[in-house]
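The values are calculated or read from the model by the stated rules, or taken from the named source; none is laboratory data. These figures come from a predicted structure and were not determined experimentally. Every residue, glycine among them, receives a Cβ derived from its backbone with ideal geometry; neighbour counts consider all protein chains shown.
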Amino acid sequence: MFTAYRWSIMHVQFLRMLPFAIATATIGYSSSASAAGTTAGTTISNTATASYTDPGGNTQTANSNQVDITVDELLDVSVATADPGPVPVSPGAINQVLSFTITNTGNGAEAFDLTATSAIGGDQFDPTTTSIVIDTNNNGAYDAGVDTVYTNGSNALTLTPDQSQRVFVLSTIPGGSADLDRGFLDLTAAARTGSGSAGTIFAGQGQGGGDAVVGSTGADGTDRGIYVVQSAAMTFIKSATVLDPFGGTKSVPGSIVTYTLVATVSGTGSLANLTIGDTVPANTTYQAGSLTFQGNGMTDAADADAGAFAGNAVSVQLGTVAGGQTRTVTFKVRID
Amino acid sequence: MRIFLTLLAILAPSMAFAANNVTLSSLVFVEKAVPDGAGRKHIVLEEPKSVMPGDRLVFILNYRNAGRLPASDFVVTNPLPAAVVYQGGAESAQVSIDGGRNWGTLPALRVLEPDGRWRSARAEDVTHLRWVLKQAIPAGAFGKLSFRGVVR
């Protein structure tokens with residue numbers, strides 16, 4: 001009877017304590033696990049120890065059983081374009097690079113399959129993907145022959161929790177694309193263990209022997225890279241003015257002819273390594289030192305300045321000229 | 001039977017005070033949200049083999065004085081597994097944030113920040129929990145202690 005009474009006391013204490021505990025515990029839920037959380041396969045072991053004094057005054061201890069729980073693998077991934085904006089390309093260009101960053105946001109080492117898709121609505125052309133390349137040397141830039149080409153199904157990208165990897169997609173731009181045409185390309189990374197709706201369980205397939213569970217990302221991620229065509233065209237106009245020895249404009253022996261060559265680049269792209277060259281016409285003689293480029297005199301020698309006269313022809317290296325800009329070259333000849 | 005009784009007689013004097021009379025058992029449950037079919041979810045407790053980061057755990061410690069004599073100065077200590085963040089639920093317990101060297105309540109324990117300032121301890125700082133029962137546990141009595149945690 002005495003014992004039963006004591007038992008009920010203990011019970012009452014417990015029943016009073018537990019609802020109180022649950023009511024206050026809800027406040028504590030604001031803090032959550034870190035980005036990737038505890039690594040998959042970690043064993044959570046719980047043991048408690050009791051100590052007490054027996055009636056003989058001796059201290060006694062008692063250990064509880066040990067509860068072991070394995071941490072499952074959470075399958076999560078994010079894909080993000082690493083380009084600051086649409087990547088400018090030229091029509092017909094090959095190996096045009098889009099950059100992406102793939103991050104394992106799960107808590108276990110996981111292999112990811114990569115897929116590039118370019119058949120997407122809302123753009124003007126479909127780039128043709130020629131390869132997906134892993135930035136093996138992690139320098140953020142595509143290095144042909146150095147970075148490893150990804151082959152679907154054979155060398156999946158394996159990332160540890162929180163690890164990020166730069167990946168490049170190389171494409172060929174269709175030849176017929178016009179200036180400012182855009183082409184979309186979506187890169188998808190999917191956990192090889194499996195993907196799908198959040199909460200999907202792949203029993204026993206987690207790192208460390210637990211289950212693999214699809215996280216909030218669906219265990220796959222996609223982001224879009226954009227190519228934009230920036231093409232340029234050049235128009236070239238040549239004109240001449242004549243000053244005869246008598247102050248008029250007749251073309252007679254001794255007249256000085258000034259040729260003006262105007263190159264105009266149009267479009268949003270630019271033209272590289274532009275050179276203007278012109279052969280001195282027959283029955284005329286080039287006037288030494290008469291070559292100008294953008295109003296500045298050029299020496300005739302092939303030297304540091306952009307202009308030169310050689311082989312009875314003038315030439316000026318214009319370098320790279322952006323769309324909307326004009327370059328003007330003049331030179332003089334005397335009619336023989 | 002005679003042999004058994006003889007054995008008992010030999011052991012009895014030493015067991016009388018030295019016997020491990022109090023048993024302690026540890027249970028860990030995980031909260032699972034189960035849809036009830038009416039668009040709501042019920043939280044049920046399951047004994048898991050495995051858990052996910054972010055899972056909410058309920059730790060239960062059952063003690064019982066299985067002996068015939070009372071046990072006094074009863075103290076239960078539960079080191080928190082490293083992968084678990086304390087989430088409250090044990091307001092009657094003392095906590096430690098330094099591996100069990102110092103004990104107290106969260107507001108009473110201080111943590112030195114990297115910038116040299118002191119702040120009150122928070123639940124995520126807890127490394128150990130301890131319950132100190134003021135009254136002796138009578139023979140045959142039992143009780144239950146609990147706390148909550150979340151998987152890091």
## Note on the structure
Screening A:Thr70, A:Thr115 for residues that are in contact (Cβ under 8 Å) with a residue 24 or more places away in the chain, more than 7 Å from chain B (Cβ to nearest Cβ) and part of a strand (DSSP E or B) leaves only A:Thr115
### Query
Does the range B:71-82 hold any residues that are closer than 15 Å to B:Ser146 by Cβ and in a loop (DSSP other than H, G, I, E, B), and which are they?
B:Leu80
### Message
Given the criterion in a loop (DSSP other than H, G, I, E, B) and surrounded by fewer than 17 Cβ atoms within 10 Å (Cβ to Cβ), identify the matching residue among B:Glu124, B:Glu91.
### Response
B:Glu91
### Query
Filter the range B:140-149 for residues that are more than 11 Å from the chain's Cα centre (by Cα) and facing chain A (nearest Cβ under 7 Å); which is surrounded by the most Cβ atoms within 10 Å (Cβ to Cβ)?
B:Ala141
### Task
Considering only the range A:80-96, state which residues are surrounded by fewer than 17 Cβ atoms within 10 Å (Cβ to Cβ) and assigned to a strand (DSSP E or B).
A:Ala80, A:Pro88
#### Entry: Residue check, B:Ile43 modelled with pLDDT under 95 and either in a strand (DSSP E or B) or more than 14 Å from chain A (Cβ to nearest Cβ) (or both)
yes
### Query
Name the residues in the range A:97-120 that are of a type in the set (Asp, Glu) and crowded, with 18+ Cβ neighbours inside 10 Å, would you?
A:Glu110
### Task
Pick out the one residue from A:Ser78, A:Ser131, A:Ser90, A:Ser51 that is over 30 Å from A:Arg192 (Cβ atoms), out of contact with any Asp or Glu (no Cβ under 6 Å at 6 or more places or on another chain), in contact (Cβ under 8 Å) with a residue 12 or more places away in the chain and among the small types (Gly, Ala, Ser).
A:Ser90
### Query
Name the residues in the range A:220-249 that are acidic (Asp, Glu) and in a loop (DSSP other than H, G, I, E, B), would you?
A:Asp244
### Query
So how many residues does the range A:250-262 have that are crowded, with 16+ Cβ neighbours inside 10 Å and either assigned to a strand (DSSP E or B) or without any contact (Cβ under 8 Å) to a residue 12 or more places away in the chain (or both)?
5
### Query
For the subset of the range A:34-57 comprising residues that are at the interface with another protein chain (Cβ under 7 Å from one of its Cβ atoms) and modelled with pLDDT under 90, which member is farthest from B:Arg68 (Cα to Cα)?
A:Ser34
### Query
Which members of the range B:46-70 meet the condition of being more than 18 Å from the chain's Cα centre (by Cα) and part of a strand (DSSP E or B)?
B:Ser50, B:Val51
### Summary
Within the range A:311-336, residues farther than 28 Å from A:Ser270 by Cα and in a strand (DSSP E or B) come out as A:Lys332, A:Val333, A:Arg334, A:Ile335
### Message
Only one of A:Gly204, A:Gly208 is closer than 15 Å to A:Leu75 by Cα and either not in a loop (DSSP other than H, G, I, E, B) or not assigned by TED's automatic domain parsing to the domain that holds A:Val169 (or both). Can you tell me which?
### Response
A:Gly208
### Query
Hey, among B:Glu124, B:Glu91, which residue is facing chain A (nearest Cβ under 10 Å) and touching a strand residue (DSSP E or B) at 6+ places or on another chain (Cβ under 7 Å)?
B:Glu124
### Task
Filter the range B:63-87 down to residues that are surrounded by fewer than 19 Cβ atoms within 10 Å (Cβ to Cβ), touching a Lys or Arg at 6+ places or on another chain (Cβ under 9 Å) and facing chain A (nearest Cβ under 7 Å), then give me how many there are.
1
### Task
Working only within the range B:104-134, note down all residues that are among the acidic types (Asp, Glu) and within 19 Å of B:Gly149 (Cα to Cα).
B:Glu124, B:Asp125
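Every residue, every condition in (1) closer than 24 Å to A:Ser231 by Cα; (2) without any contact (Cβ under 8 Å) to a residue 24 or more places away in the chain; (3) surrounded by fewer than 18 Cβ atoms within 10 Å (Cβ to Cβ), yes or no:
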{"site": "A:Thr136", "(1), (2), (3)": "no, yes, yes"}
{"site": "A:Asn155", "(1), (2), (3)": "no, yes, yes"}
{"site": "A:Gln163", "(1), (2), (3)": "no, no, yes"}
{"site": "A:Val169", "(1), (2), (3)": "yes, no, no"}
#### Entry: the range A:52-79: number of residues that are surrounded by 16 or more Cβ atoms within 10 Å (Cβ to Cβ) and among the small types (Gly, Ala, Ser)
3
### Query
If the Cβ limit is 6 Å and pairs must be 6+ apart or interchain, which residue in the range A:267-295 that is within 14 Å of A:Thr330 (Cβ to Cβ) pairs with which residue that is part of a loop (DSSP other than H, G, I, E, B) and not β-branched (Val, Ile, Thr)?
A:Val280/A:Asn312; A:Leu291/A:Met298; A:Phe293/A:Ala306
## Note on the structure
Expected output for the range B:50-62 (first residue at the interface with chain A (Cβ under 7 Å from one of its Cβ atoms) and farther than 14 Å from A:Val67 by Cβ, partner of a type in the set (Gly, Ala, Ser) and surrounded by fewer than 23 Cβ atoms within 10 Å (Cβ to Cβ), Cβ below 7 Å, 6+ apart or cross-chain) is B:Pro53/A:Ala33; B:Gly54/A:Ser32; B:Gly54/A:Ala33
